[in-house]
Each structure stands twice: as structure tokens, then as C-alpha cells.
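Asks: Handing you this structure, nothing more for now.
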């Protein structure tokens with residue numbers, strides 16, 4: 001079962017040097033199989049750093065992370081990542097972007113077509129298969145990003161403020177669509193954001209981090225029923241959670 | 001009506017207008033009774049020289065000799081530049097090894113190599129092609145390296161997290177992302193090839209456009225000199241345009257295309 005365990009993780013940039021900066025200290029976390037967990041915190045709390053380490057983009061200076069008991073080292077297709085920036089390859093059409101992962105592993109043209117058809121539909125881009133990314137809006141490009149990672153079939157989906165640059169309406173639609181995709185695939189998702197409402201709406205569990213150095217401040221279980229609907233954003237329970245978390249981030 | 005107005009104020013008509021004005025001005029000057037045609041040959045003389053040389057076969061011979069050198073030198077220089085530039089730009093070890101060398105050699109104008117090349121290899125075809133290759137390589141390699149270094153990190157990270165190996169990232173991400181730089185490198189190299197070609201042929205060549213320039217100077221055939229200058233300009237222009245249209249086709253995905 002794909003389960004990520006973070007074990008006494010500490011990360012210091014420039015360790016041993018005169019300007020050593022500890023960004024994460026003594027992090028112990030567990031991301032259960034099939035769960036949707038958000039990490040929130042003010043900027044500088046190291047949440048993005050933590051996520052990038054889970055992706056294997058760089059190694060922690062102390063402690064370790066495991067996926068199914070296997071120590072995470074280097075990047076791996078099992079841990080897919082959606083970035084805050086636009087990561088859609090502009091030199092490939094939407095369809096080619098979607099089937100990039102399978103193509104890396106030598107999928108046949110037929111297999112690629114199948115993946116392209118399935119995931120352009122899933123992320124709501126049917127009819128845009130042959131378009132160039134430059135012809136798409138920011139929200140649609142994000143859909144390509146997400147579809148591409150899903151099409152690569154990772155065990156864990158790491159998302160680093162993927163909707164940060166989108167307008168409010170687009171963002172809410174993307175959140176609902178993401179939940180739908182997650183419901184169908186049941187992949188473990190770790191979602192970094194600074195948007196509390198987004199975190200509450202999406203997650204089973206919210207990890208609140210504090211800065212200097214980054215550490216886990218609080219873990220909030222979100223018991224709102226699923227499937228989540230937009231009306232829930234206005235319920236008392238939702239707002240109470242938001243108020244509680246907001247106070248923590250303000251402290 | 002509107003379409004005509006737009007056409008008349010478009011780049012094509014206005015561009016032709018400026019060239020036309022220069023030609024008109026030149027015609028007026030050379031038409032004056034006190035004009036010395038040995039210094040400023042009238043346009044009909046220049047055109048006459050073109051047809052004389054065309055009929056004699058000398059022009060085409062010179063043109064082929066020059067184009068052959070250009071293409072060969074350009075091909076060798078840019079091919080090496082792309083291979084070495086990619087390696088230097090992508091692999092840190094290669095960069096540390098080779099980059100200081102490139103940086104040290106880069107400021108030297110290629111024409112400075114002419115004496116040493118002549119000493120080593122004589123006034124041979126090889127020497128001229130070598131010189132053009134060096135010139136093309138130097139200007140192109142810098143662009144290729146810059147292109148590889150400017151590959152956005154997020155593309156590299158995205159490909160890696162999808163399971164791409166370092167080489168796969170290089171092939172499927174770095175090279176296409178660097179294409180705009182590489183094509184610019186090709187275009188600059190082409191310009192460098194022409195510059196170097198003419199210089200090399202002026203100094204030491206038994207044939208070619210540069211040779212015809214030199215010959216024109218020696219025998220005071222100013223109309224021939226003028227004619228060759230125009231030919232060189234036209235060739236370089238056509239080649240650059242061809243390149244641009246290739247660039248446009250290759251860069252169909254790019255937002256910054258014209």
C-alpha cells in the first residue's frame with residue numbers, strides 16, 4: 001500500500017557552513033494510503049521544501065522518508081508531482097503532453113492514444129487534444145499538468161500550490177474536479193497550499209506548519225462528509241475549522 | 001480600398017520604397033556629368049558586369065566555390081557546436097572541463113587565425129573551410145550553451161518526477177526547450193560564415209566571390225566590385241530568410257514567434 005512516512009526529518013540548507021539555515025526540524029508524519037492530506041503554513045515554513053523532498057528532487061540533510069518502507073531517494077514515477085508554475089511542455093500538443101510518461105517507457109502508439117483519450121476527457125480537455133499549450137488559458141494548462149501526472153499512474157500525487165495562480169472561480173471548479181478524479185483513482189494525495197479554504201474543502205487531514213524553523217504545529221482532522229459540495233464551504237463546521245486554523249497561522 | 005491602403009503602408013511596400021530611394025539617389029549621382037565611373041559605376045554598368053560574368057561562367061564558378069565553402073564550413077562548425085554545446089550545457093563535468101577553454105578562445109576574432117592556418121595548412125581549400133568552421137562554431141556554441149542553461153527548472157523537475165532518466169530529460173526536454181537558442185545560433189553562424197568567407201577569399205583564394213572582389217580592385221573593375229557586393233548581400237539575405245521560415249515552422253509551438 002502506498003503510504004509515505006516521514007521520520008525525524010530535519011533539513012538544513014548549507015549545512016556546516018557559516019550561513020546554514022534550518023528550514024525543517026524534526027518532522028514526523030504519516031500519509032496513509034488513499035488519503036488526501038493538505039499542508040498549510042505561512043511562507044517560509046518549509047512546506048514546499050518538504051514536498052519536493054518527497055518527490056525526491058533533493059535529499060534531506062537528516063532523517064528520512066519512506067514510501068511503503070522503501071527509503072525515498074531520487075525521483076521516481078511512483079511519486080508524481082504537480083508544480084505551482086506552469087510545467088506543461090510548450091513544444092508538445094495537449095495530447096503529447098498527456099502521454100509523455102507512457103511514452104518515456106516505450107508505450108506503443110495505440111497505448112498512447114488510449115491514455116490520451118482517457119485523460120483529456122477526465123480533465124475536461126476533450127476536443128483540445130491537438131492544441132498547443134500557448135493556445136490554452138492558465139486553468140486549462142493546469143488541467144494538462146494534472147492529466148499528465150495522472151496518466152503517468154503514480155502511487156502518490158504531490159501537489160505544490162497547483163491552483164495558486166488561478167482566479168477564484170476557476171480555482172473552485174478545479175478543486176471539485178480534482179476531488180472527482182481522486183475519488184475515482186484513490187491515489188494518496190499530498191497537497192501544499194496557503195489557502196485554508198482550499199485545504200479544508202479538499203482534505204481528510206490538514207497539517208499546519210509553523211516557520212523558523214519549519215515544524216508541525218497542529219494536525220486537523222476534517223470530518224466533513226464526502227463527496228464534498230460547494231455548499232459545504234458555507235456550513236458552520238467548515239467555517240469553524242477555518243477560524244481555528246486561521247488563528248493558528250496568525251499567532 | 002482599405003486593403004490597398006493597408007498593403008501600401010505595409011512592410012513590403014515601405015521596404016521596397018527605401019531601397020528604391022537609395023537606387024534613385026545613386027542613379028542621380030552617377031548621372032551627373034562630373035561623375036567618375038571608375039569610382040561610382042552607373043547601375044547599367046553594374047548590371048552589364050553581371051551579365052558579362054554570367055556569360056563567361058566566371059560568376060557561377062565563383063558563386064559555387066563560395067557557397068560550397070559556406071555550406072561545408074557552416075555544417076561542420078554548427079554540428080560540432082550543437083554536440084559540444086549540449087554536452088557543456090547539460091553535464092557539469094564537461095562544463096568544468098571545456099567551458100574555460102571556450103571562454104578563453106571566444107574573444108579571439110576568427111580572422112586572427114588566418115596567418116597560423118596558412119602557416120600550418122597552406123593556401124588550400126581545407127584552410128578556408130577550417131576558418132569558416134571555426135567562426136561558425138564559436139558563435140553557435142555560445143548560443144547552444146546558453147539555451148541548455150536556460151531550460152526552465154520546472155520542466156526538468158516535471159520530467160524527472162514522471163520517471164525520466166537524466167538522458168531522457170536531456171533528449172525530451174532540454175533539447176526542445178533549447179531549440180529557440182540553437183536556431184538563433186545557426187542564424188548568427190550563417191552571418192559569421194559569410195563574413196569569414198569573404199575575408200578568407202580576399203586574402204588567399206584562387207576562386208570565389210571574395211576573389212572576384214579582389215580581382216575587381218586590382219584591375220579597377222569597380223562595376224564588378226559593386227556587382228559582387230550586391231550578389232553577396234542577396235545570397236546572405238536569401239539564406240537568412242530561408243532559415244527564418246524553417247525557424248517559424250520548427251517553432252510553431254512558441255508564443256514568441258513572429
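Derivation of every value follows stated rules applied to the coordinates shown; laboratory data play no part. Predicted model, so just to flag it, every value in this text is computed and none were measured. Here the Cβ is made from the backbone with ideal geometry for all residues, glycine too, and neighbour counts use every protein chain on show.
Asks: Rounding to the nearest 10 and keeping the result within 0 to 90°, find how far the Cα-based axis of helix B:43-56 lies from the longest principal axis of chain B.
Replies: Taking the Cα atoms of chain B, the angle to B:43-56 is about 70 degrees.
Asks: Sticking with this structure for a sec: Give me the inter-chain shielding for A:87-94: mean count of other chain Cβ atoms within 10 Å, whole number please.
Replies: On the way: counts 9, 3, 8, 8, 13, 3, 1, 0.
Mean inter-chain Cβ contacts per residue within 10 Å come to 6.
Asks: Just to be sure I understand: with springs between alpha-carbon atoms less than 10 Å apart, which residue in A:54, A:122, A:209 has the highest mean-square fluctuation in the Gaussian network model of chain A?
Replies: Comparing A:54, A:122, A:209 in the GNM, the peak value goes to A:122.
Asks: Viscosity 0.890 mPa s, temperature 25 °C: what is the translational diffusion coefficient of chain B from Stokes-Einstein with a Kirkwood Rh over Cα pairs, rounded to a whole number of µm²/s? It would help to have the intermediate numbers written out before the result.
Replies: Working: Rh = 21.3 Å.
For the chosen part, D equals 115 µm²/s.
Asks: Most fluctuating residue of B:216, B:20, B:208 in a GNM of chain B with Cα springs under 10 Å: which is it?
Replies: Evaluated over chain B, the most mobile residue of the options is B:20.
Asks: If you scale each eigenvalue of the Cα gyration tensor by 5 and take the root, what three semi-axes come out for the stretch B:99-167, rounded to whole angstrom and sorted largest first?
Replies: Listed largest to smallest, the semi-axes of the stretch B:99-167 are 38, 12, 9 Å.
Asks: Hey, could you grab the Kirkwood Rh for the protein assembly as shown? Inverse mean 1/r over distinct alpha carbon pairs, Å, one decimal. Can you show the working numbers first?
Replies: Working: mean 1/r = 0.0361 Å⁻¹.
Every distinct Cα pair counted, the radius reaches 27.7 Å.
Asks: Per Stokes-Einstein, at 20 °C and 1.002 mPa s, what whole-number D in µm² s⁻¹ belongs to the stretch A:170-229, with the Kirkwood radius over Cα pairs as the hydrodynamic radius? It would help to have the intermediate numbers written out before the result.
Replies: Values: Rh = 12.6 Å.
Taking Rh from Cα pairs, D becomes 170 µm²/s.
Asks: Now, a different point. Looking only at other chains, what is the average number of their beta-carbon atoms within 10 angstrom of each beta-carbon in A:70-76? Present the calculation step by step, with values, prior to reporting the outcome.
Replies: Values: counts 0, 0, 0, 0, 1, 9, 4.
Taking the mean over all residues of the peptide, I get 2.
Asks: Please check: in the Gaussian network model of chain A (C-alpha springs, under 10 Å), which one of A:194, A:217, A:11 has the largest mean-square fluctuation.
Replies: Result for chain A, Cα springs under 10 Å: A:217 fluctuates most.
Asks: Turning to a different aspect of this structure: With an 8 Å Cα cut-off and a minimum separation of 6 or more residues, compute the relative contact order for the stretch B:148-258 in percent. Display every interim value, and only then the final one.
Replies: Details: 58 pairs, mean separation 18.4, N = 111.
Reported relative contact order: 17 percent.
Asks: If you wrap a convex hull around the C-alpha atoms of the stretch B:150-236 and split its volume per residue, what is the figure in Å³?
Replies: On the way: hull volume 9.5 nm³, N = 87.
Convex hull of Cα atoms, per residue: 109 Å³.
Asks: Can I ask one more? Defining a contact as two alpha carbons under 8 Å apart and six or more residues distant in sequence, what relative contact order in percent does chain A show?
Replies: Working: 480 pairs, mean separation 66.4, N = 251.
Computed value for chain A: 26 percent relative contact order.
Asks: Separate question: Any chance you could check the Cα centroid distance between the stretch B:53-132 and the stretch A:10-69 for me, in angstrom?
Replies: Answer, in whole Å: 50.
Asks: Starting from one equal scatterer on each C-alpha and no solvent at all, send me the Debye-based log10 I(q)/I(0) for the stretch B:65-198 at q = 0.11 Å⁻¹, two decimals.
Replies: At q = 0.11 Å⁻¹ the computed log10 ratios are -0.43.
Asks: What does the convex hull of the Cα atoms come to per residue for the stretch B:1-101, in Å³?
Replies: Values: hull volume 25.2 nm³, N = 101.
Dividing the Cα hull volume of the stretch B:1-101 by its residue count gives 249 Å³.
Asks: Note the direction-averaged projected area, equal to a quarter of the hull surface, for the Cα convex hull of the stretch A:67-156, in nm².
Replies: Values: hull surface 25.1 nm².
For the Cα atoms of the stretch A:67-156, the hull's average projected area reads 6.3 nm².
Asks: To the nearest 10 degrees, how steep is helix B:222-250 against the longest Cα principal axis of chain B, on a 0 to 90 scale?
Replies: 30
Asks: Starting from 0 in steps of 10 Å, tell me what percent of the Cα-Cα pairs of chain A lands in each bin.
Replies: For chain A, the binned pair fractions read 7, 30, 35, 21, 6, 0 percent.
Asks: If contacts are Cα pairs under 8 angstrom and at least 6 residues apart, what is the relative contact order of the stretch A:46-164 in percent? Before the final figure, lay out each step's value.
Replies: Numbers: 169 pairs, mean separation 44.4, N = 119.
Once normalised by length, the contact order is 37 percent.
Asks: Which angle from 0 to 90°, rounded to the nearest 10, does the C-alpha axis of helix A:236-250 make with the longest principal axis of chain A?
Replies: Between helix and principal axis, roughly 60 degrees.
Asks: Let me ask something else about it. Let me confirm one metric for peptide B:147-158, namely the mean number of other chain beta-carbon atoms within 10 Å of its residues' beta-carbons. Show your work: numbers first, answer last.
Replies: Working: counts 0, 0, 0, 0, 0, 4, 4, 7, 8, 2, 9, 14.
For this peptide, the per-residue mean of nearby foreign Cβ atoms is 4.
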